[in-house]
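Below you will find the structure I want to go over with you.
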Amino acid sequence: MATEDMEKRLVIGETPTKNNDSQEDEIHEFKESVGYEVDVDSAEGDDTVKLAKDGRTRLIPQPSDDPTDPLNWRQHKKNLILFIVAFAALLPDYGSATGAVTLIPQAEQWHMSQDEVNHSQAGNVFMLGAGGIFVVAFSAYFGRLPVMFYFLIVALATAAWCAGATNFESFETARILNGFFSTVSQVNGLILIQDMFFFHERARKINLWASFFILSPYLGPLLAAFQIATKSWPTPFWVYTAETALALALTIVFVEETYYDRRIAQCDQPDRGNRVTSLLGIAQWKSRGRRNTFFQACMRSVRAISKPTVLISCLYYFLTFAWVVGINTTLSIFLQPVYGFGPKQIGFFYFTPVVAVVIGETVGHWLHDLFAKHYIRTHNGRFEPEARLRAIAVALPFMLLGLVLLGQSLENEWHFMVTSVSWGLYVFSTMITTVAVSSYNLDCYPEASGEVSAWVNNSRSLGGFVVSYFQVTWANAQGTKASFGIQAAVCALAFLLIILLMWRGKAMRLWSGPLRFATA
């Protein structure tokens, strides 16, 4: 065992010690003082350093020789699991935003105002963020796969409850519970990306995963609007129930447990079990002594948010993404009086953000890697996480322009195409920003992939929860020109936080030190 540990450390060029910090460096190859050493030239002539298929790219982290190590799985298997998790991550906001359109017929049926029915939306959005904190704690203790399996089962049941609700109180309760349990893949997606993919692959994989859940709050209303034009309001929720059932079925058949501790020798790795025992969590339960205690698992999220860079980046995300949810959950209320849109016209209008997300995914596919490669090339083969934040500077002008024009267009009743393009600009910017913030936090604390993902997700949902309560009242009181202009000003001022991280982020990380989790 000691010999194998010595050999592993020699492969990545570290001094063998028994310190836990060195063990974390061994796994993730991230060093607080120098970031990632990714210069491929350093691997020349060293047969022990494992490279990618191109023969040039150093694999970070260095995979073990164990075929059950998720880093060693076939690429098509990894991509299939990622796609399933991304599809499951699409559903929470998809189902949540479906209520942004159905609130119109629901208000008529239950003799309530649309704003009152929208309160069920706010409760659902809040739980999308709060549920993620529980997901990562349970995943760290019980394992990735069983948590996803059980949460999706309850998400399926509560989705059917939403569709079958006969009064507002029942519907609201179902929506709140569905938000809590359906959020599982919006959080554990980053965990699985960290478990299965190498450093040079992660930005593009995060970009793909993020595009699904950024797309989802627009896809839900788009499809729901067409359905309620000819069907009753429960129909979109029955469709959502069927989609959740599909995600659960795909998880049962194809998704595997991705947790693997490379600090344990291959011969000492715990039994991973078969399909049934792994899915139900029986195999993971037997090996729980090799992971965090339950208290340690619960404290991981607390310790992660105590890091200044995580807290500051999540605060920025909270201040900029909140308006996305606020706009999306209330836009139908704005469009009706200004343009006289019915459900079908509102449905067509939601093609705008869908196209914007697709463009954002396409641009981000190259943009994030472009900044990373440029930084590595100009910094002697080393990479610091703060380089990820440069993409936000590209997104900021689109964000500000989109918000200002959207407010102007609604108040001045400009042509609906101006409103459409303005909304698209803002959505495009949030796609770029989401990947940058997620990649930055993952690079800073790779051992806390789930925890930083939960806090980023919580920032997004909490912001939307708060804004949903006053977006309509605020716009009616001051006008959309003033309210959206103030939102743009908040986003502009919030960018000072990103400048702070780019300037002092590394110093903050060194000052606060590593997380020192019991397991990665």
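Here, each number is a calculation from the coordinates, and none is a lab measurement. These numbers come from a predicted model, not from an experiment. Every residue, glycine among them, receives a Cβ derived from its backbone with ideal geometry; neighbour counts consider all protein chains shown.
What value in Å³ per residue do you get for the convex hull of the alpha-carbon atoms in the stretch 70-512?
Spelled out: Cα convex hull of the stretch 70-512, divided by residues, is 135 Å³.
For the modelled label position 7 Å from the Cα of V355 along Cα-to-Cβ, which residues of the stretch 405-420 have backbone nitrogen atoms closer than 19 Å?
Correct set: 405-407, 409-410, 414-420.
In addition: What is the mean projected area of the alpha carbon convex hull for the stretch 86-183, to one decimal in square nanometres?
Projected area, direction-averaged: 5.8 nm².
Order these by the 10 Å Cβ neighbour count, fewest first: V452, V255.
Ranked by crowding around the Cβ, least crowded first: V255, V452.
If you plug each phi of the stretch 100-117 into the Karplus form 6.51 cos²θ - 1.76 cosθ + 1.60 with θ = phi - 60°, what whole-Hz ³J(HN,Hα) values come out, in order, with x for Gly and Pro?
These are the phi-based 3J(HN,Hα) values: 5, 9, 6, 4, 5, x, 5, 4, 5, 5, 9, 6, 10, 7, 4, 5, 5, 5 Hz.
Charges on Cβ only, +1 for Lys and Arg, -1 for Asp and Glu, centred on the Cα centroid of the chain; of T48, F470, L128, which one is farthest towards the dipole's positive end?
F470
Starting from the Cα coordinates of the stretch 140-299, work out the convex hull volume and express it per residue in Å³.
Dividing the Cα hull volume of the stretch 140-299 by its residues yields 138 Å³.
For the stretch 363-441, what number results from the quotient of the Cα radius of gyration and 2.2 N^0.38 Å?
Dividing the Cα radius of gyration by 2.2 N^0.38 Å gives 1.37.
Here's another thing I want to ask about it. If you take the square roots of the eigenvalues of the alpha-carbon gyration tensor of the stretch 250-347 and sort them as a ≥ b ≥ c, do you get rounded (a/c under 1.5), prolate (a/b over b/c) or oblate? Each step should come with its number before you reach the end.
On the way: a/c = 4.32, a/b = 1.91, b/c = 2.26.
The shape class here is oblate.
Taking θ as phi - 60°, what are the ³J(HN,Hα) couplings along the stretch 397-411 by the Karplus curve (6.51, -1.76, 1.60), each to the nearest whole Hz, with x for Gly and Pro?
x, 5, 5, 5, 5, x, 5, 4, 5, 5, x, 5, 5, 5, 6
Report the charge-dipole magnitude of the stretch 70-512 in Debye, nearest 20, computed about the Cα centre from +1 at each Lys and Arg Cβ and -1 at each Asp and Glu Cβ.
1540 debye
A follow-up question, please. Of D443, D271, how do they rank once you tally other Cβ atoms within 10 Å and put the fewest first?
Taking fewest neighbouring Cβ atoms as first place, the list is D271, D443.
Relative contact order for the stretch 70-512 using alpha-carbon pairs under 8 Å, separation at least 6, rounded to a whole percent?
25 percent.
With θ set to phi - 60° and the Karplus curve 6.51 cos²θ - 1.76 cosθ + 1.60, what are the ³J(HN,Hα) couplings of the stretch 165-175 in order, to the nearest whole Hz, using x for Gly and Pro?
Per-residue couplings from phi come out as 5, 10, 8, 5, 4, 5, 4, 5, 4, 4, 5 Hz.
Considering only C-alpha atoms, what is the centroid distance from the stretch 144-160 to the stretch 317-338, in Å?
If we compute the Cα centre of each part, the gap is 29 Å.
Would you kindly calculate the mean projected area, averaged across all directions, of the convex hull enclosing the Cα atoms of the stretch 65-122, in square nanometres?
Numbers: hull surface 22.3 nm².
Over all viewing directions, the stretch 65-122 projects a mean Cα-hull area of 5.6 nm².
Also, I was wondering about something else. Which one, L500, F295, A107, is farthest towards the positive end of the dipole of the chain when Lys and Arg carry +1 and Asp and Glu -1 on their Cβ?
In the chain, that residue is A107.
Among R262, R382, which comes first, then next, by fewest other beta-carbon atoms within 10 Å?
Arranged by neighbour count, lowest to highest, R262, R382 become R382, R262.
What does the helix-only formula give at 222 nm for the chain: each DSSP H stretch with n ≥ 4 adding -39500 (n - 2.57), the total divided by the residues, and the result rounded to the nearest 500 deg cm²/dmol?
Helix-only estimate at 222 nm: -26000 deg cm²/dmol.
Taking the C-alpha atoms of the stretch 301-458, how large are the radius of gyration and the largest Cα-Cα span, Dmax, in Å?
Both quantities, over Cα of the stretch 301-458: 17.9, 59 Å.
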